[in-house]
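Step one of this worksheet: look at the structure below.
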Amino acid sequence: MSIEDRRQLNKRKFPHWEELNNGGRKYWLEVKGRHGRMARYVKEVNDREETTRFYQEIYNDIDRLMEIHEKTPRDKGHKNVGE
């Protein structure tokens, strides 16, 4: 799969993205939960559109970041960052 093919696939899966200083990109998808909370799935890629980091951010009902669950490059489990 070419770099452009991977880029187009990422854009379809993740509606939000931004360019990073290293030539890569940061893509994200926001999902509302049943209890009014939000999860954001974040994928960071290098300039060849290869995944370098993938993690989930969990927000409370007032949009404050509460947890991060890093899954790639190594699953580190949930880390509480909110009060």
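Looking only at the range 45-81, residues that are in contact (Cβ under 8 Å) with a residue 40 or more places away in the chain and in contact with a Pro (Cβ under 8 Å, 6 or more places away or on another chain) come to 0 in all. Of all residues in the range 38-55, those that are farther than 16 Å from S2 by Cβ, in contact with a Gly (Cβ under 9 Å, 6 or more places away or on another chain) and of a type in the set (D, E, K, R) total 1. Here R37 meets each of (1) modelled with pLDDT of 95 or more; (2) of a type in the set (K, R); (3) surrounded by 12 or more Cβ atoms within 10 Å (Cβ to Cβ) with one exception, condition (1). Within the range 33-76, the set of residues being more than 18 Å from W17 (Cβ to Cβ) and among the acidic types (D, E) comprises D61, D63, E67, E70, D75.
Filtered by the rule that a residue be under 17 Å from H69 (Cβ atoms) and touching a helix residue (DSSP H, G or I) at 6+ places or on another chain (Cβ under 9 Å), the range 7-40 gives Y27, L29.
The values are calculated or read from the model by the stated rules, or taken from the named source; none is laboratory data. Computed from a prediction, not measured in an experiment: that's the story for all the values here. As a convention, Cβ positions derive from the backbone with ideal geometry for all residues, glycine included, and neighbour counts pool all protein chains shown.
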